[in-house]
Amino acid sequence: MKHVLESVESQFEMFQILNEDGKIVNKDDMPDLSDDELKELMRRMVYTRVLDQRSIALNRQGRLGFYAPTAGQEASQLGSQFALEEEDFLLPGYRDVPQLIWQGLPLYQAFLFSRGHFHGNQMPEGVHAVSPQIIIGAQYVQTAGVALGIKKRGKKAVAVTYTGDGGTSQGDFYEGINFAGAYKAPALFFVQNNYFAISVPVEKQTNAKTLAQKAVAAGIEGVQVDGMDVLAVYAVTKAARERAINGEGPMLIETLTYRYGPHTMAGDDPTRYRTDDLDNEWEKKDPLVRFRKFLEEKDLWSEEDENKVIEEAKDEIKKAIKQADEYPKQKVTDFIGNMFEELPSHLQEQMEEYKEKESK
């Protein structure tokens, strides 16, 4: 049995296209992206890094509520989203607001979501997504259901979800991948392995050598990819999507990545469980630095290009937070009215009571 386990584990080697120096180490799997698409991918990564910095500052100022930092995970998040099509359905976790924004959620609504405003959870027409899931791992079960619905309707689309390494310890994780596998549902299950969940090292979460190998028990395919390499993440996602819409079933994709900040801004202190040496080691793998080197070598990116994106991001963020500030404050009657299409009698009584209070 030990031999069998070792044989399984040895099959999950990290897939990579760009090394830490931005050099191509896997020409055969280089994705077919135009120069404009490569530049757009970099633009989104730089924009998202600025958004993360500004969101942390806004949180500290008391102008945002719940916020989970994203710096370090841009390649994993945006490389995967960039490979999706408009008709694909996104079911994000709470750290996956960037994917939602690039999928079409207006920035001011993302800020309202952070503040707990119900409008932040209302997807605009044509944006196939739900609001970020707070319950760890629950989005995996939902994704299996959405993917089955896509299959039964005969649509050429996939349902895509994300969780962290900690999410793989939840029962919903196994239920989701098992259900999707049993029905060959077109689902892409991402595990963004940043090694510490909230604060527990991944080696204490599981005895498995990789998280990708957990796919084996569910009878689905799994792959481990360098989550700091945006081209590798894109290539794997693109291939997995094609496979899924062709009826070959779901895939579990483990992206090896790192969050540079705390788990959330709600009091987590990563210095209590991470060392400076480890942080410094991962900073050398920064996805933006790696991809920047690659593009500069091809004369596709410059300091001027980057500064332009930074200023553009700051300007749009400033306008979006102002729009969120000016949006009508939510009321108790909003909460009651959003609960049911037809209110039961006891809630109708409460509705009338609060309408009277709010009118004064």
- Residues in segment 133-142: is at least one of a type in the set (A, V, I, L, M), in contact with a strand residue (DSSP E or B) (Cβ under 6 Å, 6 or more places away or on another chain) and touching a residue at least 24 places away in the same chain (Cβ under 8 Å)? no
- Extreme residue, nearest to ALA83 (Cα to Cα), among residues of segment 140-183 that are part of a strand (DSSP E or B) and among the β-branched types (Val, Ile, Thr): VAL160
- If we take segment 280-360, then helices (runs of 4 or more DSSP H) inside it with 1 or more residues that are modelled with pLDDT of 95 or more and under 27 Å from the mean Cα position of the chain (by Cα) are 287-297, 303-326
- Query: Checking SER131 against (1) surrounded by fewer than 24 Cβ atoms within 10 Å (Cβ to Cβ); (2) part of a helix (DSSP H, G or I); (3) under 17 Å from the mean Cα position of the chain (by Cα); (4) of a type in the set (S, T, N, Q), which single condition isn't satisfied?
  - Reply: (2)
- Matching helices (runs of 4 or more DSSP H) fully within segment 1-94 where at least 2 residues are closer than 30 Å to GLY154 by Cα, modelled with pLDDT of 95 or more and assigned by TED's automatic domain parsing to the domain that holds ASN307: 74-82
- Report whether or not LYS298 is touching a helix residue (DSSP H, G or I) at 6+ places or on another chain (Cβ under 8 Å), loosely packed, with under 13 Cβ neighbours inside 10 Å, in the same structural domain as PHE118 (by TED's automatic domain parsing) and not small (Gly, Ala, Ser). yes
- Screening GLY145, GLY167 for residues that are surrounded by 23 or more Cβ atoms within 10 Å (Cβ to Cβ) and in contact with a helix residue (DSSP H, G or I) (Cβ under 9 Å, 6 or more places away or on another chain) leaves only GLY167
- Task: For residues that are of a type in the set (Asp, Glu) and closer than 26 Å to ALA71 by Cβ, scanning just segment 1-34, find the one that is surrounded by the fewest Cβ atoms within 10 Å (Cβ to Cβ).
- Result: ASP21
- Query: Is it the case that GLN109 is in the same structural domain as ARG241 (by TED's automatic domain parsing) and touching a helix residue (DSSP H, G or I) at 6+ places or on another chain (Cβ under 6 Å)?
  - Reply: yes
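The values are calculated or read from the model by the stated rules, or taken from the named source; none is laboratory data. Owing to the predicted nature of the structure, the values given are computational and were not obtained by experimental measurement. For neighbour counting, all protein chains shown are included, and Cβ atoms are generated from backbone atoms with ideal geometry for every residue, glycine included.
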